[in-house]
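Contents: one structure, followed by commentary.
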Amino acid sequence: MSADLDASRAFLLKWSENEATLAPLVPGGLHADTLPPQPASPYAQLLVDQHKEPEYSSPSADGTQPYIDYRKVTVKLFGVGKATVDGVVTVIKGFYDNQPLAVQDASHMRTQPLKNSVQPTGQFKDANEVYNATMEWVLWTHRTK
C-alpha cells in the first residue's frame, strides 16, 4: 500500500473516531476523494503529498531497510463566517496536532503541525462570506522497504 493512502486512511480514521464532535461542526464531512457536487457547509477536503525524501537506515540483518517517511497532510475547510471557521479549525487541530494516529503498514512517529491560515474566498452564501481554512501537518512514519 502506498504511504499516501496510509496517511489518508489514518487521518480519516481519526476523524471517524471523533465523529460525535466533528459531525455537528462539519456536516459536509471530510472528503479524501472528489467532493460531492453540493456538500453541506462547512465541509473539508483531505490532500496528501510527499513532504521530503525518506531517510533510510542501514539494511537490517534480514535484508529489509527501515526508513522514515514524511507525508504532508492538508485539510482544507470551507465554511461561512470567519468566527465559525476559526472555531472549527481549533477543534480539528486539537484532534491531530502532535496526536497519535493508527497508520496501516507503518509505525506512527509524529503528527507535526505546520501552518494554518483562514482566508476569505470572495464568495458569499446567503449574504455571508465563505472562508477557506488550510491546516497542514507532517506525518512521520517508520516503514520498512
Subset of the range 55-98 (residues that are closer than 25 Å to Asp4 by Cβ, without any contact (Cβ under 8 Å) to a residue 60 or more places away in the chain and part of a strand (DSSP E or B)): Glu55, Lys76, Leu77, Phe78
Phe95: passes all of (1) under 20 Å from Ser16 (Cβ atoms); (2) surrounded by 17 or more Cβ atoms within 10 Å (Cβ to Cβ); (3) among the aromatic types (Phe, Trp, Tyr) but (2)
Got a number for residues in the range 54-72 being at pLDDT 85 or above and among the acidic types (Asp, Glu)? 1
Name the residues in the range 42-72 that are of a type in the set (Gly, Ala, Ser) and surrounded by 17 or more Cβ atoms within 10 Å (Cβ to Cβ), would you? Ala44
So which residues in the range 29-45 are of a type in the set (A, V, I, L, M), within 22 Å of Gly81 (Cβ to Cβ) and free of Cβ contacts under 8 Å to residues at least 40 places away in the same chain? Leu35, Ala40
Pairs where the first residue, in the range 109-136, is on the phi > 0 side of the Ramachandran plot and the second is in a strand (DSSP E or B), C-beta under 9 Å, 6+ apart: Gly122/Glu129; Gly122/Val130; Asp126/Val80
Regarding Asp86, is this residue at positive phi and among the charged types (D, E, K, R)? no
Give Ala44, Ala40, Ala10, Ala20 a once-over and let me know the one that is among the aliphatic types (A, V, I, L, M), modelled with pLDDT of 95 or more and more than 17 Å from the chain's Cα centre (by Cα). Ala20
Regarding Val138, is this residue of a type in the set (A, V, I, L, M) and within 22 Å of Pro66 (Cβ to Cβ)? yes
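The values are calculated or read from the model by the stated rules, or taken from the named source; none is laboratory data. Quick caveat: nothing in here was measured; it's all calculated off a predicted structure. Positions of Cβ are generated from backbone atoms using ideal geometry, with glycine treated the same way; all protein chains shown enter the neighbour counts.
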